[in-house]
Amino acid sequence: MSAEVVPGSVSSAGGSGVDPRRWRALVVLCLIQFIQVVDVTVVNVALPRIQADLGFSPAGLAWVVNGYVLMAGGLLLLGGRLADLFGRRRLFLLGVGVFAVASAACGAANAAGVLVGGRFVQGAGEALAAPAALGLIAMIFPDVKERIKAIGIWGGVAGIAGVSGVVISGVLTDLASWRWIFFINVPIALFALITVPRLVDESRAAGRRPRLDVAGAVTATGGLIALVYGLLQAAEHPWGSAAVLVPVAAGLALLALMVAVEAKTADPLIPLRFFANRTRAVANLVGLLFLAGFIAYFFLLTLFQQQILQFSPLQGGLAYLPFGLIMGVGIGIGTGMMAKLGVKPLLIAGFLIAAAGLGLTAVSIHPNTSYAAGILPGMLLFGLASGLVVPAIANAALHQVTGQDASLGSGVQQAVQQVGSALGLAVLVTLALRHARNTSDGAGQPTPAALTDGYTLALGTATIIMIVCAALVALLLQKVTSQPRNPLMEREQELQEVH
């Protein structure tokens, strides 16, 4: 199977020409990346208002985030393969359309179940659009240095979007209604549906079309949902209760079945050999762990600011502006130094700085803390670290990926990060809530001091996770080459060397 570009496409994969429209195409694709990543964090500042209006329980509130990231993570691999087979632009536009409809449904939700259902459908829309978009980027930048820069920009946009979501959420929730954090997606998506066909033509993998591995997608998604559901149940039930053990056991069984399906099917959703490349495997693992700490940080710190420090949604959103600004600085430093120093040193430094930021936050917050003394110093460190880490992971996760698997490789990268977000919330939020309940005075809701102790414990655990990531990179990551492999050209070169 080889890469096929429909005549007139901006993609020049497999050709010698460089299309002058490639940077404009990148801007449009990054716009959609921005709004879809925004929707992971845009709900955070609005969570207390959503909880009050729709009657969510504390643990159930996590599903407003997890419904989105679980569906996206579970179906991204299928979305990547669909994009490679049936056309990246086609799947991108379909995904954006689904995302727009689901956003309107979320904004109009009148019950907790309706909102969570809409978030699941939003995640499905991202699962179709995101890997197709990154696959297009991988194909339209054949030059190695330009491709590194483009992928770095893509990863950086994702990071900035994650921060921008909380600011946008605060402004809209305080000045209008939390419903507008969803309604705002609709006109942006419509703009993209009109604009993208004008700038980006079709690109897909040509040749034999393998059967779609629907069984793999269903078992992966179902397993993750069951596992996360069980972990969140542990916030309100004992670990040994059926409410926890049954869904966790079912989730693990489904994930084991998924591995068995992938090993035996002729056309697996993700060939297990994909992870035989040590650099890709390590990059995806640390990406999962980093996103676990990243999303949990925003979730827990937002609750701390609004529930303990009594910030308004607007204050809570604006409180993250320094994070976004310093992260932009980190992205500039990271993308500029990546070609000179390589990915490995940047990741090690980034993870250690992230650990310092999270650890400083954990020891600084208390019920009477001030923003400047208790939150801002750690936020600046973690923001800088995030700017260094996100673009570097984006490049390492596509190490030596073949041209025809461009969308699959990006789908794997984004899937593990979405899964990391869901698992991070399930584990760290559960840890915080259980600790708060166990250390409270037993009279009704946990006290502010008990809640703060729970948040501190969770942030301290995230600190340890970042140190583990730095160690994994230092010990296992090899030199990263983000240039796509071309097996046919490699074979020709081998024959020439023989002769």
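Near residue 130, once Lys and Arg are set to +1 and Asp and Glu to -1 for all other residues with Cβ below 12 Å from its Cβ, the sum equals -1.
Starting from 0.36 nm per residue, how many nanometres of slack lie between residue 340 and residue 194 once their C-alpha separation is accounted for? Walk me through the numbers on the way to the answer.
Values: separation 146, 0.36 × 146 = 52.56 nm, distance 3.91 nm.
Gain on stretching residue 340 to residue 194: 48.7 nm.
Sorting 457-464, 85-92 by average packing, meaning the other beta carbons within 10 Å per residue, from highest down gives 85-92, 457-464.
Couplings 3J(HN,Hα) of the range 308-313, computed from phi: 9, 8, 6, 5, 6, x Hz, in residue order, whole Hz [Karplus 6.51 cos²θ - 1.76 cosθ + 1.60, θ = phi - 60°; x for Gly and Pro]. Taking θ = phi - 60°, what integer Hz values does the Karplus form 6.51 cos²θ - 1.76 cosθ + 1.60 yield along the range 54-69, in sequence order, with x for Gly and Pro? Listing the rounded values in order: 10, x, 6, 7, x, 6, x, 4, 4, 5, 5, 8, 5, x, 6, 6 Hz.
In what sequence, highest mean first, do 465-478, 237-250 appear when ranked by Cβ atoms within 10 angstrom? Numbers along the way, then the final one.
On the way: 465-478: 18.5, 237-250: 14.7.
Answer by packing, highest mean first, reads 465-478, 237-250.
Direction-averaged shadow area of the convex hull around the Cα atoms of the range 74-183, nm²? Each step should come with its number before you reach the end.
Details: hull surface 30.8 nm².
Reported value for the Cα convex hull: 7.7 nm².
For a quick protection proxy, order the peptides 38-47, 191-200 by their average other-Cβ count within 10 Å, most packed first. Working shown, then result.
Numbers: 38-47: 27.4, 191-200: 16.3.
Going from most to least packed, we get 38-47, 191-200.
Hey, can you find the accessible area per residue of the range 247-342 for me, probe 1.4 Å, expressed in square angstrom?
On the way: 3830 Å² over 96 residues.
Ligands and nucleic acids excluded, the figure is 40 Å² per residue.
In order along the range 21-32, the phi-based Karplus estimate (6.51 cos²θ - 1.76 cosθ + 1.60, θ = phi - 60°) of 3J(HN,Hα) comes to 8, 5, 6, 5, 4, 4, 4, 5, 5, 5, 4, 5 Hz; Gly and Pro are listed as x.
Taking label positions 7 Å along the Cα-Cβ direction at both residue 249 and residue 145, the computed distance is 5.9 nm, reported to one decimal.
The values are calculated or read from the model by the stated rules, or taken from the named source; none is laboratory data. Computed from a predicted model, the values in this text were never measured in an experiment. Cβ sites come from the backbone with ideal geometry, for glycine too, and all protein chains shown count toward neighbours. Keep in mind that these areas ignore ligands, DNA and RNA; they rest on the heavy atoms of the full protein, side chains included. Shrake-Rupley method; radii C 1.70, N 1.55, O 1.52, S 1.80 Å.
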